[in-house]
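Peer 1: Have a look at the structure that comes next, please.
The values are calculated or read from the model by the stated rules, or taken from the named source; none is laboratory data. Since this is a predicted model, take the numbers as computed values, not measurements. Note that we place each Cβ from the backbone using ideal geometry, even for glycine, and neighbour counts take in every protein chain shown.
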Amino acid sequence: MHGANCWLMCLSFGLGLLLTFAFAIRWVTREIPVSAEAETTVLPAGGAPYGEGSARAGAGGSGPAGWTIKGNEDSMLYHGPESPSYGQTIAEVWFIDEQTAEAAGFTRWDARGT
């Protein structure tokens, strides 16, 4: 390539490069406005993840004294002392009674089979 062909190819390459950078850089400078009064979601306190009558399990699945309902968040099932799996179930959340567990969206351990 000699003469005009080489000169035209270099010119077109340079102009293409210049236009690419010009358009790309121009659009990057946009800013998105941020509201100073953004709404936030209020999460329940760490001690009561499902509201009044629920408590996070402690180390090893331990719960508050006198609370007997164990909740499993993966399966969303709760187990009372009458459950055959009660001893093997490691609680992720504890409930004060069955009504509180059901109000939190948990299902009794034997209700799925019926």
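Peer 1: From the residues in segment 66-81 that are small (Gly, Ala, Ser) and within 23 Å of the chain's Cα centre (by Cα), which one is modelled with the lowest pLDDT?
Peer 2: Ranking the candidates gives 75 first.
Peer 1: Which ones in segment 88-114 are surrounded by fewer than 17 Cβ atoms within 10 Å (Cβ to Cβ), out of contact with any Phe, Trp or Tyr (no Cβ under 8 Å at 6 or more places or on another chain) and either within 16 Å of residue 64 (Cα to Cα) or polar (S, T, N, Q) (or both)?
Peer 2: 88, 90, 92, 97, 99, 114
Peer 1: Suppose we keep only residues that are on the phi > 0 side of the Ramachandran plot and not in a loop (DSSP other than H, G, I, E, B) within segment 51-65. Which one would you say is surrounded by the fewest Cβ atoms within 10 Å (Cβ to Cβ)?
Peer 2: Looking only at segment 51-65, we keep the residues that are on the phi > 0 side of the Ramachandran plot, and these are 51, 53, 60-61.
After this cut, where a residue has to be not in a loop (DSSP other than H, G, I, E, B) as well, the list is 60-61.
Details: 60: 7, 61: 13.
By that ranking, first place goes to 60.
Peer 1: Failed condition for residue 21, given (1) in the same structural domain as residue 104 (by TED's automatic domain parsing); (2) modelled with pLDDT under 85, with all others met?
Peer 2: (1)
Peer 1: Tell me whether segment 27-50 contains one or more residues that are part of a loop (DSSP other than H, G, I, E, B), surrounded by 10 or more Cβ atoms within 10 Å (Cβ to Cβ) and at pLDDT below 70.
Peer 2: yes
Peer 1: If the Cβ limit is 6 Å and pairs must be 6+ apart or interchain, which residue in segment 66-78 that is on the phi < 0 side of the Ramachandran plot pairs with which residue that is of a type in the set (S, T, N, Q) and part of a strand (DSSP E or B)?
Peer 2: 77/107
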